[in-house]
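A quick write-up on the structure given underneath.
All of the numbers you see were taken from the coordinates with simple rules; none came from a lab. Keep in mind it's a predicted model, so treat the numbers as computed, not measured. Ideal geometry is used to build each Cβ from the backbone, glycine not excepted, and the neighbour counts take in all protein chains shown.
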Amino acid sequence: MNPTPPIRKLQYVLAVARELHFRRAAERLSISQPFLSRQIKEFETEVGFDIFRRDPVSLTESGRVLVIRLRQMMGQMEGDFRKAIDAAHAVNHRNAQEFTIAHSAYISLALRQKIRSIQKAKFPHLRLRFRILFALDLFEALDSGQVQAGITFAPLGRQDFTHISLRSEHLYAIVPRANPIAGQPYVTPTDLNGRPLISAGSRRTHPALHQWLLEQSLAVGCQPSFVEEATFAQEAFDLVQAGVGIAILPEGVCESAPKALRCIPIRGLNPIELVLVYRSHNDGLIPRIATDIAHLL
């Protein structure tokens, strides 16, 4: 007899022992009943004793001892196999290149999912991670090397980063459906003049973008009155529903707005630019990964 255990035949024996029925065992194994019967008969010839009685199917005394030991052996083998896979995964993780992308809290889930799909197809050995950071914290993390790339909104207020445009997003006003302006197809900055507004970025978190928004508003005769700053989209939605004010958000996150709210495009303000950024003086791998991801998006 071959000293190497015939694993497939052992699985056949255990399946028949479990079902005590050749047809049901064959169905469980997704093979034909005649093939299973032949394999069991061949194995009985190889080991030199009958494992099963037929019509009806039952275990012989020798077969019962064999099945008990086989179950123990297969259980131990499964455990050893899992340990081997875990050990290999650990080595793979240690050898994998880690790539962390910091991003604004106002980046849509759909965009992050697209980036993960690109990573799996283009860079399967890359360990991709995401971190939510305010713009100024994102820039510091890039400077220190804690993250390799970032996704945020321009203008950046920094000249020492390379940035690649991903897309433009219009700004939307988020209002309760009961609000009188909710029925309008769009609003203008003057429609928002004097109304309490909720900002997605302030002088503290993204000063360059905040200044850009002020300048855009003033250029069309609007003096925005920001009464609250939201750190992420759901907080902005909650503030609107609480009656604090009207939120001004990029269109990408509007897809997650509650049904009780209406997202209305603001006409008269230029779209804001969503960009992928990395340090200009970086090694060859980071620019290549960042550029490939940006272009494939």
Each label sits 7 Å from Cα toward the beta-carbon; between Asp160 and Arg18 the label points are separated, in nm, by 6.2 nm
Projected onto the charge dipole of the chain (unit charges on the beta-carbon of Lys, Arg, Asp and Glu, signs +1, +1, -1, -1), the Cα from Ser225, Leu109, Leu20 with the largest positive-side position is that of Leu20
Orphan Cys of the chain, criterion: no other Cys C-beta under 4.7 Å: Cys222
Sort Ser199, Ser225 so the one with the fewest other Cβ atoms within 10 Å of its own Cβ comes first. Ser225, Ser199
Starting from the Cα coordinates of the range 7-93, work out the convex hull volume and express it per residue in Å³. 105 Å³
How high is the relative contact order of the range 171-270, in percent, counting Cα pairs under 8 Å that sit 6 or more residues apart? 49 percent
Would you work out which of Leu136, Leu29, Gln39 lies farthest towards the positive end of the dipole of the range 26-143, given +1 charges on the beta-carbon of Lys and Arg and -1 on that of Asp and Glu, about the Cα centre? Leu136
Sorted by Cβ neighbour density within 10 Å, fewest at the top, the residues His206, His281, His103, His21: His281, His21, His103, His206
Rounded, prolate or oblate for the range 171-270? Axes are the square roots of the Cα gyration tensor eigenvalues, ordered a ≥ b ≥ c, and the cut-off for rounded is a/c under 1.5. oblate
In whole µm²/s, the translational diffusion coefficient that Stokes-Einstein assigns to the range 87-227, given a Kirkwood hydrodynamic radius over C-alpha pairs, 37 °C and 0.692 mPa s, equals 184 µm²/s
With springs connecting C-alpha atoms under 10 Å apart, model the chain as a Gaussian network and identify which of Pro180, Pro56, Pro189 has the largest mean-square fluctuation. Pro56
Expressed in nanometres to one decimal, the distance between label points 7 Å along Cα→Cβ at Lys120 and Gln72 is 4.2 nm
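Can you tell me, using C-alpha contacts under 8 Å and at least 6 residues apart, the relative contact order of the chain as a whole percent? Numbers along the way, then the final one.
Details: 441 pairs, mean separation 60.0, N = 297.
Answer for the chain is 20 percent.
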Of the candidates Ala290, Ala236, Asn270, the farthest towards the positive dipole end of the range 207-297 (Lys/Arg Cβ +1, Asp/Glu Cβ -1, centred on the Cα centre) is Asn270
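Need the full-extension length gain, Arg204 to Tyr186, defined as separation in residues times 0.36 nm minus the C-alpha distance. One decimal, nm. Before the final figure, lay out each step's value.
Details: separation 18, 0.36 × 18 = 6.48 nm, distance 2.94 nm.
Once the chain is fully extended between Arg204 and Tyr186, it gains 3.5 nm.
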Taking a crude spin-label model, label points 7 Å out from Cα along the C-beta direction, the Arg53 to Phe232 distance in nm is 6.6 nm
In the neighbourhood of Glu44 defined by beta carbon distances under 13 Å, the net charge of the other residues (Lys, Arg +1; Asp, Glu -1) is +2
Under a 10 Å cutoff between Cα atoms, tell me which one of Pro34, Pro271, Pro176 has the largest fluctuation in the Gaussian network model of the chain. Pro34
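Placing unit charges on C-beta atoms (Lys and Arg positive, Asp and Glu negative, everything else neutral), compute the dipole magnitude of the range 7-93 about its Cα centre in debye, rounded to 20.
Roughly 180 debye, rounded to the nearest 20.
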Taking the Cα centre of the range 171-270 as the origin, how large is its charge dipole in debye, to the nearest 20, when only Lys and Arg (+1) and Asp and Glu (-1) carry charge on their Cβ atoms? 160 debye
Potential extension, Arg112-Arg195 segment - 0.36 nm per residue separation minus Cα distance: 26.6 nm
Selected from Ile248, Ile40, Ile132 as most flexible by GNM, with the chain as the system and alpha-carbon contacts under 10 Å: Ile40
